[in-house]
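Shown next, in structure tokens, is the structure this report addresses.
Nothing in this text is a laboratory measurement; each read-out follows from the coordinates by a stated rule. What you are looking at is a predicted structure, and each value in this text was computed from that prediction instead of being measured. Cβ sites come from the backbone with ideal geometry, for glycine too, and all protein chains shown count toward neighbours.
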Amino acid sequence: MSTESEVAAGSGAERSVRNHEPEIATGSRAERNVRLGQRLAARVARAEGDVPPPPVQGTLRRTIGLTMEAEGCEAPVGGRCDVVALDGRRIETEVVGFAGERLYLMPVGEMRGIVPNARVVPVAAVRDVRVGDELLGRVLDGSGNPIDDGPALCCTERVPLFGAPINPLKRRPIDEPLDVGVRSINALLPLGRGQRLGLFAGSGVGKSQLLGMMTRYTDADVIVVGLIGERGREVKEFVDLALGAEGLSRSVVVATPADDTPLMRMQGAWLSCAVAEYFRNQGKHVLLLMDSLTRFAQAQREIALAIGEPPATKGYPPSVFARLPQLVERAGNGAAGQGSITGIYTVLAEGDDQNDPVVDASRAILDGHVVLARELADTGLYPAVDVESSVSRAMQAIAGHEQKELITRFRQVYSTYRQNLDLIAVGAYQKGSDARVDEAVALWPRIIEFLRQRQDESVDYDSSVAALAELLNRPANPGGTPAADGDGS
Ligand SMILES: Nc1ncnc2c1ncn2[C@@H]1O[C@H](COP(=O)(O)OP(=O)(O)O)[C@@H](O)[C@H]1O
Ligand SMILES: [Mg+2]
């Protein structure tokens, strides 16, 4: 135990504490000593650097394409630096890498006006997003600023752009079916709440249109749409036609079209996730649509190649395949008491190549994929769902026993017809030579009608399953004309 005289004879720091903070002299000696200890600890912490030093400003040395190289300042990867343009404007950039003393920066927006030796000012800002119910019905850019004609946003809450992932053991399992309003998907590829689904197809096969249908008809409290790297024209189309006024009122749209910088496009994707997480944490069931995951991967490819990461598969550097699961894992069911994020991501199968590296990687990390086939779309069959190649991994947990049997039977009939298509089409198939083929031929026109659905028509889950049961259980019309409404081969 120290005595009064020992404290008085202590270091200069202790004496000054006594001199400037006389309230220490009150209370019992033991209490005074405790308080003195606390104050000293607080001072040591402050002196040791809890207060950040002022940022050291650097200089811009070089730019190549969208990459800028700065010297003389320090900032962490993922941190922000402002580059001061000739006219004094501050151009926001992100640190995407470094080499030795050099920082590699990329602009989030426009980089016009940057001059040699421009000042580079590290900004100690936390990357967060303003959120609130005011976001519903609004269209935002990748920075979260409204681009519609609505009033300014006055959200007071903030959430991190890169939210903390949910402990995988705490996630609720996927066990509740989700009605998406599309007959073929409800009946044959049933989705569950919290599932992450890929929509795979080449360009112009109807991904965005099907996404629009699912947006209108899916049973969800909040819809968050990330339009990442697609044509600017599509943003307005999606908002006006796919969502409509009613749909928009429960939606938040984040649009970062193809002419945005790669960082902005990626930020748009993260922002969509952050907004979806905000609503999920309030217990809401959120539908998160991202069009497209491929453009997100391409944005990361642009950034990685620009700073010198070597390309691996088809020009995609390895970091792309690290980023994809980070994005997709942010959807899914929350912990107990939270809501869910059902994620639907479109994936462009370039040249209808199902072995494209992004297609491959997405197939591995998603809980299912719906493949749209160009040959079906070419015959005017929309939505052009290729039932044979599509899989819903949540089906086992969601569909009832009866529905699973119907699905198996449908797949058998469907693939029997497709396998014998060449024979049937040229008229070489002799009726009666195989009972299974006879059944498939007789059912085919009705299968096509089952798959076809107008865009303005919604079919709920129970009606979808009932239609499937009706299709398979009603005796096939024996006089059915084979291939009367075939798939056009
Ligand atoms: N359900 C549908 N009904 C009629 N036409 C459709 C349908 N889905 C797609 N299409 C046609 O296909 C075109 C391309 O569709 P889109 O969804 O933009 O393709 P993607 O997003 O795959 O590039 C549309 O402009 C439209 O003409
Ligand atoms: Mg599209």
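Descriptive notes on the structure:
- Extension gain, Thr63 to Arg112: 0.36 nm times the residue separation minus the Cα-Cα distance gives 16.5 nm.
- Within the straight-line cut-off of under 18 Å between alpha carbons, the lysines reachable from Lys284 are Lys170, sequence neighbours fewer than 8 places apart in one chain being disregarded.
- Given charges at beta-carbon only (K, R positive; D, E negative), |dipole| of the chain in Debye: 1140
- Once C-alpha pairs closer than 8 Å and six or more residues apart are averaged by separation and normalised to the residue number of segment 140-204, the relative contact order reads 19 percent.
- Among Val320, Ala41, Val83 the positive-end extreme of the charge dipole of the chain (Cβ point charges): Ala41
- Segment 212-318: relative contact order as a whole-number percent, Cα under 8 Å and 6+ apart: 34
- Computed 3J(HN,Hα) for segment 294-306, one whole-Hz value per residue from the Karplus formula 6.51 cos²θ - 1.76 cosθ + 1.60 where θ = phi - 60°, is 5, 5, 4, 5, 5, 5, 5, 4, 4, 5, 5, 5, 5, glycine and proline marked x.
- Ordering Ser292, Ser458, Ser433 by the number of other Cβ atoms within 10 Å of each residue's own Cβ, fewest first, gives Ser433, Ser458, Ser292.
- Counting all C-alpha pairs of segment 148-273, share separated by more than 26 Å (%): 30
- Vicinal HN-Hα couplings computed from phi for segment 83-93 (Karplus, 6.51 cos²θ - 1.76 cosθ + 1.60; Hz; Gly/Pro x): 9, 8, 7, 4, 8, x, 5, 9, 9, 6, 10
- Fully extended contour minus Cα-Cα distance, from Asp259 to Asp353, at 0.36 nm per residue: 31.3 nm
- Based on alpha carbons, the Rg and Dmax found for the chain are 29.7, 113 Å.
- With the cut-off at under 17 Å, measuring from each backbone N in segment 132-170 to a point 7 Å along the Cα-to-Cβ line of Arg393 picks out 166, 168-170.
- Here segment 186-268 is assigned +1 on the Cβ of each Lys and Arg and -1 on the Cβ of each Asp and Glu. Its dipole about the Cα centre then comes out at about 180 debye.
- In this structure the amide hydrogen of Gly226, modeled in the peptide plane, comes within under 5 Å of the amide hydrogens of Val254, Leu289, Met290, Asp291, none closer than 5 places in sequence on its chain.
- Put simply, the amide H of Ser203, placed in the peptide plane, has neighbours under 5 Å in Gly351, Asp352, leaving out anything fewer than 5 places away on its chain.
- Amide H within-cut-off set for Leu191, under 5 Å, with H built and near neighbours excluded: Leu178
- Kirkwood hydrodynamic radius over Cα pairs of segment 84-135, then Stokes diffusion coefficient at 4 °C and 1.567 mPa s, in µm²/s: 99
- Calculated diffusion of segment 166-210, Stokes-Einstein form, Kirkwood radius summed over Cα pairs, 25 °C and 0.890 mPa s, µm²/s: 195
- Cα→Cβ-extended label distance, 7 Å offset, between Asp133 and Ala469, nm: 4.0
- Rg over Rh [alpha-carbon atoms, Kirkwood Rh] for segment 216-291: 0.97
- When you restrict to C-alpha pairs under 8 Å that are six or more residues apart and normalise by the size of the chain, the relative contact order lands at 15 percent.
- In the chain, the calculated helix contribution to ellipticity at 222 nm averages -10500 deg cm²/dmol per residue, counting -39,500 (n - 2.57) for every DSSP H run with n ≥ 4.
- Between Thr156 and Ala30, the modelled labels are 4.4 nm apart [label points 7 Å from Cα along Cα→Cβ].
- Here the 3J(HN,Hα) profile of segment 152-166, calculated from phi with Karplus coefficients 6.51, -1.76 and 1.60 at θ = phi - 60°, is 5, 7, 10, 5, 9, 7, 10, 10, x, 5, 10, x, 5, x, 7 Hz, Gly and Pro shown as x.
- Restraint check, Lys207/Lys236; Lys314/Lys404; Lys207/Lys314, Cα-Cα greater than 27 Å: Lys314/Lys404
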